[in-house]
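Here's the structure we're looking at; comments come further down.
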Amino acid sequence: MGYPQSRAQQALAAAGNDVQRAVECLEAEAASSSENDGGICGVCAICTEPLQPRDAAMRCAGRGGGHHYGHAACLGQWVEQCRARQQEPSCPECRGPLQLRRRRIQDFLQEPASKRAPQQTQVLREVLERVPDGDEWQDVDWCQVAGFAALVAGGLLAAGLFAGLLIQDKKRQDRDRQEG
């Protein structure tokens, strides 16, 4: 697919001369129904604010034919909301699986703390522990990221059910002894 030279140059400049990001921006624009200019790569799928290619830290896998992008700060908020609802994080627009750019999240975490909430910092650090090094888009195994809490909760639930069954069995045995 070809792009007008002036638009390609704008996208390259807005992406800090990163060809891969510039192409992603141009692809996002082509998939988007709205006209964008000034290097804007669509809007954030979470906050709907304009999104510069260099700020994109999250995107959906694009299984529906196009990608939806998001800021790192918005990603942290979105993952927290999904966790609170006990849902696996997915694209808020198409519900497709999310991919992350490790370097974008690392850059965000190095910004002054006043720009982000403590919950965002924690969840994004947890995500970074599970995403391989590199600047390419990476799939995330959310079961591993949020898995520890789920495992603990599942273990407690199983232990509670087992204890309940033991208590019921003991009561039944006591009744049987009293009757017999």
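The values are calculated or read from the model by the stated rules, or taken from the named source; none is laboratory data. Bear in mind that the values here come from a model prediction, so they are computed numbers and not experimental data. Here the Cβ is made from the backbone with ideal geometry for all residues, glycine too, and neighbour counts use every protein chain on show. Heavy atoms of the whole protein, side chains included, go into the accessibility calculation; ligands, DNA and RNA do not. Shrake-Rupley method; radii C 1.70, N 1.55, O 1.52, S 1.80 Å.
Annotations
- Scanning region 42-71 for residues that are closer than 18 Å to Phe108 by Cβ, free of Cβ contacts under 8 Å to residues at least 60 places away in the same chain, assigned to a strand (DSSP E or B) and open to solvent by less than 70 Å² (accessible area, probe 1.4 Å) yields a count of 7.
- Selection of region 86-105 for residues being open to solvent by 30 Å² or more (accessible area, probe 1.4 Å) and touching a helix residue (DSSP H, G or I) at 6+ places or on another chain (Cβ under 6 Å) yields only Glu88.
- The lone exception for Arg83 - which of (1) in contact (Cβ under 8 Å) with a residue 40 or more places away in the chain; (2) open to solvent by less than 70 Å² (accessible area, probe 1.4 Å) it fails: (2)
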